[in-house]
Amino acid sequence: MQPLIFYMEFELLKTDPASKARAGKITTDHGVIETPIFMPVGTVASVKGVHQTELKQEINPDIILGNTYHLYLRPKTEILKKAGGLHKFMNWDRNILTDSGGYQVYSLSGRRKIKEEGVKFKSHIDGSYHVFTPENVMEIQREIGADIIMAFDECTPYPCDYNYAKRSMHMTHRWLDRCIKHFAETPPLYGYDQTLFPIVQGSTYKDLRRQSAEYIASRNAEGNAIGGLSVGEPAEEMYAMTEVVTEILPEEKPRYLMGVGTPINILENIALGIDMFDCVMPTRNARNGMLFTAHGTINIKNKKWADDFSPIDDMGITFVDTQYSKAYVRHLFTVNEMLGKQIATIHNLGFYLWLVREARKHILAGDFRTWKDMMVKQMDKRL
Ligand code: PRF
């Protein structure tokens, strides 16, 4: 397989002496991404409830994520093409990564049929039928215009029968080759480059994970992803799979662990050599009143906060942390005021981005392992 042409650069700046944690720098046509990074999820062209001003100035991520499945259904690529791509449509001039739909369509269990050709699925919006193939998913992601686009894969459930996992993994590999071919045959549409990341699968079987990592590495993409984890398996099993795979994926390219996870999961996987993460947890859980902090998680709906007038987080990472009290935010949740969800979302994303930036600082300073062990212990609490 021919190596892909260079659309993106990755510079590995430092590896932690006591773990496999790395600090690096990705450069694309939409700027620099300092790694390790957490990518806030903006499924339908918005990081739910957050203005771009707050996202940029307060949370300040170098990259956010969008979803092919959702954007294809609404607003549809026709509108995105007219807008000049997703960046312009949503007024976001930094990096965007789009997931391929390979995960979202599998979440539609009962509403989809997987075949070698692709996946036929029923829209969750109006019940209409659609087909995703490796080829049309490349075209749709060209039209959305993300900087980093993902290969079309099958994310196996947990637990997963060995033979199913093996067959599925081989199909994901064949789909990858179709993605690579079609990606090379279609030009970018908006005057900047895009790059394609393949995805390692193999469920919770070490031999399959090794085989998949070797296959994916041989495709010579500019970055590699690990899928099929954080689907219900115990954390120890997730870490074991990450470890097997990061042993094999090339060091000189970024590694993206899809859909992970809690703040603790993120630090443990950084220690195993992961550079990029995304997860709905900080945003979705925020809307349910869960706040992540350096000292553990808070359920702000709990009665115990009713007369606690201390700031929601005295670390003051974003403006919401010091401008609003726990009692006030609890009240907003009690009366179902949307501002409560917005405050909690900004807080959680601010915290997640703080956590990965702090991790990066400690990797560069050479004391990541000690800091990570301390943080993991400290965050493993319910306040
Ligand atoms: N594949 C894709 N997207 C994903 C996953 C996957 O396996 C996961 C697994 N947690 C999250 N998002 N394409």
Square roots of 5 times each gyration tensor eigenvalue, C-alpha, region 286-380, largest first, Å: 27, 13, 10
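Compute the Rg to Rh ratio over the chain from the alpha carbon atoms, using the Kirkwood formula for Rh, and round to two decimal places. Walk me through the intermediate numbers first.
Values: Rg = 20.3 Å, Rh = 21.2 Å.
On the Cα set of the chain, Rg over Rh gives 0.96.
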R0 of 51 Å, Cβ-Cβ distance residue 251-residue 334: FRET efficiency to nearest 0.05: 0.55
Residues with amide H under 5 Å from that of residue 101, placed H, sequence gap 5 or more: 68, 69
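Would you mind working out the magnitude of the charge dipole of region 286-380 relative to its Cα centre, with +1 at each Lys and Arg C-beta and -1 at each Asp and Glu C-beta, to the nearest 20 Debye? Mind showing how you got there, number by number?
Details: 13 positive and 10 negative charges, 54 e Å.
Magnitude of the dipole: close to 260 debye.
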Relative contact order computed over region 1-92 (Cα-Cα under 8 Å; 6+ residues apart), in percent: 19 percent
Per-residue HN-Hα couplings for region 25-36 [Karplus 6.51, -1.76, 1.60; θ = phi - 60°; Hz; x = Gly/Pro]: 8, 9, 10, 10, 5, 9, x, 8, 10, 7, 10, x
The chain: angle of helix 338-365 to the longest principal axis, Cα-based, in degrees nearest 10: 70 degrees
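By how many nm would the segment from residue 57 to residue 220 lengthen if fully extended, with 0.36 nm per residue of separation less the alpha-carbon distance?
On the way: separation 163, 0.36 × 163 = 58.68 nm, distance 3.57 nm.
Full extension from residue 57 to residue 220 adds 55.1 nm.
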Label-point gap, in nm, between residue 323 and residue 83 - each point 7 angstrom along Cα→Cβ: 2.5 nm
Packing-based order for 302-309, 238-245, 265-272, using average beta carbon neighbours within 10 Å, highest first: 265-272, 238-245, 302-309
Gain in span if fully extended, residue 13 to residue 177, counting 0.36 nm per residue against the direct Cα distance: 55.9 nm
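Restricting to region 1-151, what percent of DSSP beta bridges are antiparallel, rounded to 5? Kindly include the intermediate steps, with their values, before the conclusion.
Numbers: 18 of 26 bridges.
Of all bridge pairs located within region 1-151, approximately 70 percent are antiparallel.
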Label zone at residue 189 (point 7 Å along Cα-to-Cβ), backbone N below 20 Å, region 88-113: 88-102
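By how many nm would the segment from residue 161 to residue 116 grow when fully extended, if each residue of separation counts as 0.36 nm and the alpha-carbon distance is taken off?
Working: separation 45, 0.36 × 45 = 16.20 nm, distance 1.89 nm.
Gain on stretching residue 161 to residue 116: 14.3 nm.
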Candidates 132, 292, 89: whichever shows maximal mean-square fluctuation once the chain is modelled as a Gaussian network with Cα springs under 10 Å: 89
Karplus-derived 3J(HN,Hα), 6.51/-1.76/1.60, for each residue of region 103-108, Hz, glycine and proline x: 9, 4, 5, 6, 5, 7
Of 365, 218, 145, farthest towards positive along the dipole that unit charges on Lys, Arg, Asp, Glu beta carbons give the chain: 145
Rough spin-label spacing in nm, given labels placed 7 Å along Cα→Cβ, for residue 314 and residue 124: 4.0 nm
Cα gyration tensor shape of region 154-279, rounded if a/c is under 1.5, else prolate or oblate by comparing a/b with b/c: oblate
In nm, spacing of pseudo-spin labels at residue 243 and residue 383 (7 Å Cα→C-beta vector): 3.2 nm
Centroid-to-centroid separation of region 131-174 and region 31-98 [C-alpha atoms, Å]: 21 Å
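Where a number appears in this text, it was derived from the coordinates with a stated rule and is not lab data. Not measured: the values here are computed from a predicted model. Counting neighbours? That spans all protein chains shown, and the Cβs are built from the backbone with ideal geometry, glycine included.
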